[in-house]
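Chemist: This is the structure I have questions about; it appears just below.
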Amino acid sequence: MSASETAEAHLDLVGGRLCLDFINTADSHASDHPEEHLTSYAELVAWSQRTNILSEEEGQLLLAEAAQRPIDALAILQEAGVFREVLFRIFLAALAGKTPGTDDLVIFNNTRAQALSRSEIAPTASGFAWHWKVSKQTLGWMLWPVALSAAELLLSPDLKQVRECSSPDCGWLFLDTSKNHTRRWCTMESCGNRDKARRHYQRKRQSVQTQARKPQVSDYS
């Protein structure tokens, strides 16, 4: 299966920042049964292509290399999962006005340092951009742009606009760019509509129960 054929290649990108979209590769983080979307190295590559970290050619080279080094590819997949949860906890702490855990900050800063040591600013046709000094043997370099995206957002005034989806079974993060900064859902089409349907069902059920408890004429005959 190619990277473009995986479900991860079609996962919604609603975070508004690369690092938030990476965090959103799992659902219901805080629950006892989170739903994992990165279940293979191919899906990690697919997500990286979906977000334009990797080109199609770069993705195919990494998949070919991973096929020759499956143990290393699995280790990178596990590293990606750990790093994603580190970012999730850091941003949740920021949302709550708390200090992130020391261990989480160490892992984050180590990955950020790797990114900085293997990157440079290079000219492009339209200006300048990050250039990554990598080879096909570097199976995990897609995590470096994510780390720099997270560092940029954590240091930005936009951090105050990061929200967690209000749906109890979601947990996705997003940047609230709505006019009044009152956005509640990752998307209205998914979590917003599900919540509306849930509340409608609860109101209807409560109404039925209330009617059932009302005394009938026969009760007094």
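The values are calculated or read from the model by the stated rules, or taken from the named source; none is laboratory data. The shown structure was predicted, so the numbers you read here are calculated from the model rather than taken from an experiment. So basically every Cβ, Gly included, is an ideal-geometry build from the backbone, and we count neighbours across all protein chains shown. These area figures cover heavy atoms from the full protein model, side chains too; ligands, DNA and RNA do not enter into them. Shrake-Rupley method; radii C 1.70, N 1.55, O 1.52, S 1.80 Å.
Chemist: Taking the conditions exactly as written (of a type in the set (D, E, K, R) and at pLDDT below 95), does GLU120 satisfy them or not?
Modeler: Considered against the rule, which asks whether it is of a type in the set (D, E, K, R) and at pLDDT below 95, GLU120 comes out as yes.
Yes or no, residue by residue, for (1) at pLDDT 85 or above; (2) of a type outside the set (S, T, N, Q); (3) open to solvent by less than 80 Å² (accessible area, probe 1.4 Å):
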residue	(1), (2), (3)
GLY140	yes, yes, yes
LEU159	yes, yes, yes
ASP195	no, yes, yes
PRO215	no, yes, no
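Chemist: Restricting the search to region 64-75, which residues are among the aliphatic types (A, V, I, L, M) and open to solvent by 30 Å² or more (accessible area, probe 1.4 Å)? Before you say what the answer is, go through the steps one by one.
Modeler: Quick first cut of region 64-75, residues among the aliphatic types (A, V, I, L, M) only: 64, 66-67, 71, 73-75.
ALA64, ALA67, ILE71, LEU74, ALA75, listed by residue number.
Chemist: Which residues, taken from region 51-63, are open to solvent by 60 Å² or more (accessible area, probe 1.4 Å) and among the hydrophobic types (A, V, I, L, M, F, W, C)?
Modeler: Residues of region 51-63 that are open to solvent by 60 Å² or more (accessible area, probe 1.4 Å), as a first pass: 52, 56-58, 60-61.
Across region 51-63, the qualifying residue is only LEU61.
Chemist: Restricting to region 119-133, and then to whatever is part of a strand (DSSP E or B) and either in contact with a helix residue (DSSP H, G or I) (Cβ under 6 Å, 6 or more places away or on another chain) or among the polar types (S, T, N, Q) (or both), can you tell me which residue is nearest to LEU54 (Cα to Cα)?
Modeler: Looking only at region 119-133, we keep the residues that are part of a strand (DSSP E or B), and these are 119-124, 127-132.
Within this subset, residues satisfying the condition of being either in contact with a helix residue (DSSP H, G or I) (Cβ under 6 Å, 6 or more places away or on another chain) or among the polar types (S, T, N, Q) (or both) are 119, 124.
On the way: SER119: 15, THR124: 17 Å.
Of everything passing the filter in region 119-133, SER119 is nearest to LEU54 (Cα to Cα).
Chemist: Next question, about the same structure. Out of GLU85, GLU43, GLU58, GLU79, report the one residue that is of a type in the set (D, E, K, R), over 17 Å from the mean Cα position of the chain (by Cα) and assigned to a helix (DSSP H, G or I). So that I can check it myself, show each step before the final result.
Modeler: Details: GLU85 fails: over 17 Å from the mean Cα position of the chain (by Cα); GLU43 fails: over 17 Å from the mean Cα position of the chain (by Cα); GLU79 fails: over 17 Å from the mean Cα position of the chain (by Cα).
Of GLU85, GLU43, GLU58, GLU79, the one residue that is of a type in the set (D, E, K, R), over 17 Å from the mean Cα position of the chain (by Cα) and assigned to a helix (DSSP H, G or I) is GLU58.
Chemist: With respect to LYS160, determine if the residue is free of Cβ contacts under 8 Å to residues at least 60 places away in the same chain and either touching a Leu at 6+ places or on another chain (Cβ under 6 Å) or among the charged types (D, E, K, R) (or both).
Modeler: On the way: free of Cβ contacts under 8 Å to residues at least 60 places away in the same chain: yes; either touching a Leu at 6+ places or on another chain (Cβ under 6 Å) or among the charged types (D, E, K, R) (or both): yes.
It is true that LYS160 is free of Cβ contacts under 8 Å to residues at least 60 places away in the same chain and either touching a Leu at 6+ places or on another chain (Cβ under 6 Å) or among the charged types (D, E, K, R) (or both).
Chemist: Please go through (1) within 30 Å of SER166 (Cβ to Cβ); (2) touching a Leu at 6+ places or on another chain (Cβ under 6 Å) for ALA115 and return the number of the only condition it doesn't satisfy.
Modeler: Unmet for ALA115, out of (1) within 30 Å of SER166 (Cβ to Cβ); (2) touching a Leu at 6+ places or on another chain (Cβ under 6 Å): (1).
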